[in-house]
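Working notes, beginning with the structure itself.
The values are calculated or read from the model by the stated rules, or taken from the named source; none is laboratory data. Since we're looking at a predicted model, the values are computed, not measured. All Cβ positions, glycine included, derive from the backbone under ideal geometry; neighbour counts span all protein chains shown. Quick note on the areas: whole protein, heavy atoms, side chains included, nothing else; ligands and nucleic acids left out. Shrake-Rupley method; radii C 1.70, N 1.55, O 1.52, S 1.80 Å.
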Amino acid sequence: MSSLIHSGERVSLFHYHLDPDLWRTMLAAPGATLPLVSAWADSSRIYILLLEGNRPLMASCALEDGRYLAPSSRFPAAEWGERVAYDLYGVEGMGARDDSPAVDEGGWDATWPLSERPGPGLPGLKPLADRPFLRPERTGLCGPLGLSFDICDGRAEGISVSAGFAHRGVLSQLIGKSPEEGLRLVSRVTAGGFVAHPLAFVRAVEQARGELPGPGIRDTRFLLLEIERISVHLHDIAVTMRSVEAEMFASHCDHAREAVAQACARAGVSRRLTDLVTFTGLKDGLEPVPLAQAVCDVMEPRMLALAEMQRTFGARLRKIGALSVEAVREYAVGGVTGRAGGRSLDLRRREAGMRLDALRATGDSAGDAQARNALRLAEIRDSLALMRRILASIGIDDDEPAPQSLEEGIGAAEGPRGDVWYWVQLKDGLIKAIQVRDPSASLLPVLGKALDGLTPDQLVTALRSFGLAPSGIAL
């Protein structure tokens, strides 16, 4: 598969154009399947972003009469991108695993709104399924995601997920803007990624421009990402434990997260680190060393109590929302969910300048809510150790070469909830095309498998333990 893609026409650092025959051959290639990060299409091309070892590899193919051979015929995780592409552009994947609507819930003014010839919209929203429905407001998630299911012997079966109401047209709003204009919108894609999303976006643009930040800026971004990881992990542990009535553990996490927020405020930056990732280096007023030291100072004394709470209450999450090793690998699920299920991907391990000796937590293969929460706590410990190592050697150069300017780039960041990816094409300094893959998107195809057989109350616990952010899915 890799060699077939590399035999195509190279158009940027990691991107190859394939003709339809080569695309078909690639999808049918014998041997191992490369992990899929994302799949999407517009009115003219179908794209897939893969991982080749620890590096991205991207392939695309021109559509023929608005149709293409669906990558989901080889990559099950590609189905979400294919469904979104049909809703937005009206392009069809031949042999697709699922052709049901993804983001069009029936209330749009026009069908296929981004195509050259959009059609009239439907008169109203689709009715809810005639079966039990867990409404978005009951899931406890930061965004509209609903579940419908059947009840058999008190347990949920045949679960289907609705994420269309989260669609905000973010990507279409970015087209035609300068990267600097688009950064503020990118910085607010999802509340769990105020650092991770803009960092991945900025890295993609820097690659497209042939720019490379200095080691001081690189290390400052590392510090901000780890502070965000600590804060979001504390939040996700708290909401999960509160759903199983472990209020004491949840309160300890809330107090720790508030202490981190106050440390940020005292350092003169926003409590959740918004608008600190920039193209020019450091945000005015940001002093990364005292900020990181303050966060370490407020968190380190709390770690022993948090670990004791996990030992006391963690068993309440056992076997809830379990994902198999096969599922997380087949669907390339990353972040805490992937690592707790046996997939060891952590993009920080491919970062130039990363102090890898601090990253000890790798998770296990239990794949349930207990494993996810335990791993979050272990990763907080690792984040504190990593920050101390960066503070001891901040700004040390590693002679990484700058990329060639090709007006196209891929940027990634290991956010608190998994790997965030941005692909950006520039033309005359403006955004010509852009695609985003939030880690929550990789969870959609496997949610049914993880939630099947749970009681309705356990559904809420399982959903919260995944750290799902519907706001990052339907962009």
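Odds and ends about this structure:
- Spans of helices (runs of 4 or more DSSP H) in the stretch 295-368 with at least 2 residues in contact with a Gly (Cβ under 8 Å, 6 or more places away or on another chain) and farther than 28 Å from Pro213 by Cα: 325-330, 335-340
- Among the criteria (1) buried (at least 19 other Cβ atoms within 10 Å of the Cβ); (2) at pLDDT 90 or above, the one Leu304 does not fulfil is (1).
- For the stretch 449-468, the criterion of a residue being more than 21 Å from Ile237 (Cα to Cα) and modelled with pLDDT of 90 or more is satisfied by at least one position.
- Here the stretch 210-250 is the region considered, the condition is being among the acidic types (Asp, Glu) and in a helix (DSSP H, G or I), and the residue that is surrounded by the most Cβ atoms within 10 Å (Cβ to Cβ) is Glu226.
- Residue in the stretch 201-209 that is out of contact with any Asp or Glu (no Cβ under 7 Å at 6 or more places or on another chain), open to solvent by 10 Å² or more (accessible area, probe 1.4 Å) and within 21 Å of Gly418 (Cβ to Cβ) present: yes
- Residue ID - least open to solvent (accessible area, probe 1.4 Å), chosen from residues in the stretch 360-378 that are modelled with pLDDT under 95 and over 20 Å from the mean Cα position of the chain (by Cα): Ala366
- Exclusive hit being modelled with pLDDT under 95 and among the β-branched types (Val, Ile, Thr), set Thr33, Thr25: Thr33
- Scanning the stretch 152-201 for residues that are assigned to a loop (DSSP other than H, G, I, E, B) and among the hydrophobic types (A, V, I, L, M, F, W, C) returns Ala163, Ile175, Val189, Ala191, Phe194, Val195.
- Filter result for the condition that a residue is more than 23 Å from Gly121 (Cα to Cα), in contact (Cβ under 8 Å) with a residue 12 or more places away in the chain and crowded, with 23+ Cβ neighbours inside 10 Å, over Ala29, Ala41, Ala59: Ala59
- Of all residues in the stretch 338-359, those being over 21 Å from Leu323 (Cα atoms) and open to solvent by 10 Å² or more (accessible area, probe 1.4 Å) number 10.
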